[in-house]
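Student: Could you have a look at this structure, given as structure tokens, before my questions?
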Amino acid sequence: MQQRRTTLAALAGTALLALGTTFAPGVQAQDFPSRAIKFVVPFGPGSGTDTSARYFAKKLQDLTGQAVVVENKPGANGFLAVKQVLSAPADGYTVFIGSNSTLAVNAALFKALPYDSVADFSPLTMMMRSPAMLAVAPSAPYRDLKGLLAHAKAHPGQVNFGAGSAGYQLMGELLNDTAKIQTVHVPFKGAGEAMTAVASGTVDYTFAEVTAVQELARGGRVKVFAVASDKRVGTSPEVPTFAEAGLPGLEAYTWVGAMVSHKTPAPEAAKLAELFTTISKMDETRVFYERLGATPMTGGPEQMREFQKKEIALWKHIVQQAKVPLQ
């Protein structure tokens, strides 16, 4: 009898251990997050990506009661930030706040990337989309887009444009191809640096998202010639679209989305995706982005992955069409 009890006890212990192993991820996800979360941003302060990261960080902190820290890691076309995220423990506590540059454009622009923008990440959700604007220095010798294009055609290879990311570089190359001009690309670590260079006259013009342009424009530090969308932006109704300014067919948008390492356990990734999607659907989030001239994006992981793949295909097409040399 004693031996039978011992055997039953052993079997019961084994069964409980098996159950514990089976349900441990679920239990862990229910307790997640239980400590501070870090957002890694591949651009400096002032960029649209940074603005989105800080807004979502505050909302996520409110929802979870856990601190959310935003760390800017600009440079090297986003490679430094990506490396930091993929090298961190894949436990859901390190989130990559990426953009069209790091999550789509790089895949089209580089011969070989140190990361796979699709396979190395698990998507959480899209956060926002914003049309790009073309800005020039107040002291520029031309008064509008037609003047800039005429000046560039008269001085091939002598006009330069600053780009705070690979995405903005391609927008500049798209302008070259569409307008049949030859300008020189000057790289910067982020949209903020590129805008500062334009304001000081170091470069002739730049593309940047609405959030990075509007304040400088309102302060008179830059002039905005056009917005690359199908309609004018509500917060800058005085800025014409490229079509209205004399160059139809040029539209370009920046976007921001959240991802984690693909090694992150599914329950933790799903919990984060649920939290991010909740934030993206808040009325105050819509108001926040509309005030910046952007649009909130509310799709979850599947929608983000589909959107990302379409963007990669689009930029690859643009690279081929504009004959941009691969880096």
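Readers should treat all values here as calculations from the given coordinates under stated rules, not as data from a laboratory. What you see is a predicted model, and the numbers here were worked out from it, not measured in a lab. Methodologically, a virtual Cβ is constructed for each residue, glycine included, from the backbone with ideal geometry; neighbour enumeration extends over all protein chains shown.
Student: Mind jotting down the three principal axis lengths of the chain based on Cα atoms? Whole angstrom, largest first.
Tutor: Cα spread of the chain along its principal axes, largest to smallest: 101, 40, 29 Å.
Student: Related question: Could you tell me how many degrees, from 0 to 90 and to the nearest 10, lie between the Cα long axis of helix 48-64 and the main elongation axis, the longest principal axis, of the Cα atoms of the chain?
Tutor: Around 30 degrees separate the two axes.
Student: When we measure straight from the Cα of Lys323, which aspartates and glutamates land under 19 angstrom away, once same-chain ones fewer than 8 places off are left out?
Tutor: Straight-distance partners of Lys323: Glu173, Asp177, Glu251, Glu311.
Student: Which three extents, in angstrom, do the Cα atoms of region 131-245 have along their principal axes, listed largest first?
Tutor: Result, largest extent first: 34, 30, 26 Å.
Student: What angle do you read, to the nearest 10 degrees and between 0 and 90, between the alpha-carbon axis of helix 266-280 and the longest principal axis of the chain?
Tutor: 40
Student: Let me ask you something else. Measure off 7 Å from each Cα along the Cα-to-Cβ vector at Asp91 and Lys58, then give the distance between these two points in nanometres to one decimal.
Tutor: 2.9
Student: Working out 0.36 nm times the residue gap between Arg35 and His262, then minus their Cα-Cα distance, what length gain in nm do you get to one decimal?
Tutor: Between Arg35 and His262, full extension yields an extra 79.7 nm.
Student: Let me spell out the model: positive unit charges on the Cβ of Lys and Arg, negative unit charges on the Cβ of Asp and Glu, origin at the Cα centre of region 131-245. What dipole size does that give, in debye rounded to 20?
Tutor: 220
Student: Still on this structure, please answer the following. Positive end of the charge dipole of the chain (Lys, Arg +1 and Asp, Glu -1 on Cβ, about the Cα centre): tell me which of Val287, Ala104, Tyr115 has its Cα farthest that way.
Tutor: Final value for the positive-end residue is Tyr115.
Student: Another question about this same structure. Among the listed pairs Lys83/Lys189; Lys223/Lys281; Lys146/Lys223, which have their C-alpha atoms separated by more than 22 angstrom in this model?
Tutor: Lys223/Lys281
Student: While we're on this one: Treating only the Cβ of Lys, Arg, Asp and Glu as charged (+1, +1, -1, -1), what charge dipole size does region 53-191 show about its Cα centre? Round to the nearest 20 debye. List each step's numbers first, then the result.
Tutor: Numbers: 12 positive and 8 negative charges, 84 e Å.
Its charge dipole is roughly 400 debye.
Student: What residues of region 186-222 lie in the reach of a label at Ala322, counting those whose backbone N is under 15 Å from a point 7 Å from the Cα along Cα→Cβ?
Tutor: Those under the cut-off are 186-188, 205-209.
Student: In whole percent, what relative contact order does the chain give with Cα contacts below 8 Å and a gap of six or more residues?
Tutor: It rounds to 26 percent for the chain.
Student: Another question about this same structure. Under a point spin-label approximation (7 Å from Cα along Cα-to-Cβ), what is the Arg218-Lys310 distance to one decimal in nm?
Tutor: 3.2
Student: Note down the nm distance, to one decimal, between modelled labels 7 Å out along Cα→Cβ at Asp177 and at Ala154.
Tutor: 2.8
Student: Taking the Cα centre of the chain as the origin, how large is its charge dipole in debye, to the nearest 20, when only Lys and Arg (+1) and Asp and Glu (-1) carry charge on their Cβ atoms? Present the calculation step by step, with values, prior to reporting the outcome.
Tutor: Values: 31 positive and 26 negative charges, 66 e Å.
Using Cβ point charges on Lys, Arg, Asp and Glu, the chain gives about 320 debye.
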